[in-house]
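Here's the structure we're looking at; comments come further down.
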Amino acid sequence: MGLEMESMAATIGVSVAVLRFLLCFVATIPVSFLWRLVPSPPAKHLYAAVSGALLSYLSFGFSSNLHFLVPMLLGYASMVFARSHCGIITFILGFGYLIGCHVFYMSGDAWKEGGIDATGALMVLTLKVISCAINYNDGLLKEEGLLESQKKNRLIKLPSLIEYVGYCLCCGSHFAGPVYEIKDYLDWTEGKGIWSHSEEGLSPSPYGATIRALLQAAFCMALYLYLVPQFPLSRFTDPIYQEWGFWKRLGYQYMSGFTARWKYYFIWSISEASIILSGLGFTGWTESSPPKPRWDRAKNVDILGVEFAKSSVQLPLVWNIQVSTWLRHYVYERLVKPGKKAGFFQLLTTQTVSAVWHGLYPGYIIFFVQSALMIAGSRVIYRWQQAVPQNMDAVKNILVFINFAYTLLVLNYSCVGFIVLSLRETLASYGSVHFIGTILPIALILLSYVIKPPRPARSKARKEE
């Protein structure tokens, strides 16, 4: 068996550890389908917990489940013994343990060199545990004055231990997401809410959407395997790279980022297929005739939305969608004081939390600081665009194109840091194109204090009211 694994791994150009992970990861699809055949909610929770733990063991070894147990027990203990502070306690302890694992395993280096460990799954689990504790904490608050997301997701009653463990280890999202709320998991398991068979008398069929996700996954992996030998990361430190002109170096940065994204598109497409097939991804029906099922909870990326984003502000809505939603609900929105508007501080803090969640590599930190600058700069262009009079469509269209080109340039410049990780390589690649992707957003932010567009008419009308 070992020789067969080595031969198969060599054929597709990955390590045995990565091949083992990929086989277990793809196995989440049939395992998720079998969940539908389990007869009762308690049995479904047990099945979710056992199948997730078993696939983790087969993929990463026994120690992975011990690592998962730590934040799970810390989170549940805080909900039992310190409900009024369980949210902040779990946030600090969960992130603290995750950071410790990031430092100990140096997982980013392992991923770059073709290795794999349980840290990626632990990242997803950490967000689940924290959101559960915060929602249980929110259950103590009065509904008046709460955000819509708080009203929807807060927990009045403590989940049972088997419900909690099933939610944490449910195999469809355990390895690579998407992150979802425990209330949705409980409703899905118990056949309540939108999963109630009595609602609209319809039962959504997952098979068409699952096949589409699998075809998408196959295309993404094929394109990635085609592109990656042509645009190796080692080229950034190759003397030939330094001999190229500015535009060729900038083009290579674009292609490196473009190539790397298809790996993530593949992973998230497999997760999407798994979550759709289980039924958890269902989010309701379209208003078309006849109505069609929507599977938004399973969706973690909109590929065309990323590659053709008209604005940097759109990127969190189309890339790693469920984690972006988590960050918005549990970091960004909660930093905004009542009656105040969110600003650059909230944006930068949210991006910093996202960087720490990914790992303490300089490349991650720089990338997410860059992301905050990129989004702030894009907002400046958008405000100028909105201030253009209605009879000047040509000028407005030019600004739309400028925002698109700006997003394309700064995104692919910035994501080199996310890929290479080290401070030396990140700064060397940025410096090779004269730090254009850093200077440009900063220049736009500063320019916004000089060229201040008038407020839109709607804002004035609201003020007069």
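The values are calculated or read from the model by the stated rules, or taken from the named source; none is laboratory data. The structure presented is a predicted model; accordingly, all values stated were derived computationally and were not measured. Here the Cβ is made from the backbone with ideal geometry for all residues, glycine too, and neighbour counts use every protein chain on show. The area values use the complete protein model at the heavy-atom level, side chains included, leaving out ligands, DNA and RNA. Shrake-Rupley method; radii C 1.70, N 1.55, O 1.52, S 1.80 Å.
A compact table of results
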item: Hits in segment 226-243 - residues which are in contact with a helix residue (DSSP H, G or I) (Cβ under 8 Å, 6 or more places away or on another chain) and farther than 15 Å from residue 255 by Cβ; result: 237
item: Enumeration of residues in segment 348-360 that are at pLDDT below 90 and open to solvent by less than 30 Å² (accessible area, probe 1.4 Å); result: 359
item: Residues of segment 140-159 classified as small (Gly, Ala, Ser) and out of contact with any helix residue (DSSP H, G or I) (no Cβ under 8 Å at 6 or more places or on another chain), total; result: 1
item: Matching entry among 332, 361 (being among the hydroxyl-bearing types (Ser, Thr, Tyr) and in contact (Cβ under 8 Å) with a residue 60 or more places away in the chain); result: 361
item: Listing of helices (runs of 4 or more DSSP H) fully contained in segment 1-75 that carry 2 or more residues being modelled with pLDDT of 90 or more and open to solvent by less than 70 Å² (accessible area, probe 1.4 Å); result: 16-35, 41-60
item: Top-ranked residue in segment 287-334 [being farther than 19 Å from residue 128 by Cβ and among the hydroxyl-bearing types (Ser, Thr, Tyr); ranked as most open to solvent (accessible area, probe 1.4 Å)]; result: 289
item: Identity of the residue in segment 335-345, touching a residue at least 12 places away in the same chain (Cβ under 8 Å) and part of a helix (DSSP H, G or I), that ends up least open to solvent (accessible area, probe 1.4 Å); result: 335
item: Tally of residues being open to solvent by less than 30 Å² (accessible area, probe 1.4 Å), touching a Lys or Arg at 6+ places or on another chain (Cβ under 8 Å) and touching a residue at least 12 places away in the same chain (Cβ under 8 Å) across segment 370-414; result: 3
item: Pairs with Cβ under 6 Å, 6+ apart, first in segment 26-50 and under 14 Å from residue 278 (Cα atoms), second outside any helix (DSSP H, G or I); result: 44/38; 47/38; 48/170
item: Residue in segment 59-67 that is closer than 30 Å to residue 229 by Cα and out of contact with any Asp or Glu (no Cβ under 6 Å at 6 or more places or on another chain) present; result: yes
item: Complete set of residues in segment 259-313 that are farther than 17 Å from residue 209 by Cα, assigned to a helix (DSSP H, G or I) and hydroxyl-bearing (Ser, Thr, Tyr); result: 259, 264, 312
item: Tally of residues being modelled with pLDDT of 95 or more and more than 29 Å from residue 271 (Cβ to Cβ) across segment 318-347; result: 0
item: Residues that are surrounded by fewer than 21 Cβ atoms within 10 Å (Cβ to Cβ) and under 19 Å from the mean Cα position of the chain (by Cα), drawn from segment 268-286; result: 283
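Every residue, every condition in (1) acidic (Asp, Glu); (2) modelled with pLDDT of 95 or more; (3) open to solvent by less than 60 Å² (accessible area, probe 1.4 Å), yes or no:
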site: 85; (1), (2), (3): no, yes, no
site: 88; (1), (2), (3): no, yes, no
site: 92; (1), (2), (3): no, yes, no
site: 95; (1), (2), (3): no, yes, yes
site: 102; (1), (2), (3): no, no, yes
site: 108; (1), (2), (3): no, no, yes
site: 112; (1), (2), (3): no, no, no
site: 117; (1), (2), (3): yes, no, yes
site: 120; (1), (2), (3): no, no, yes
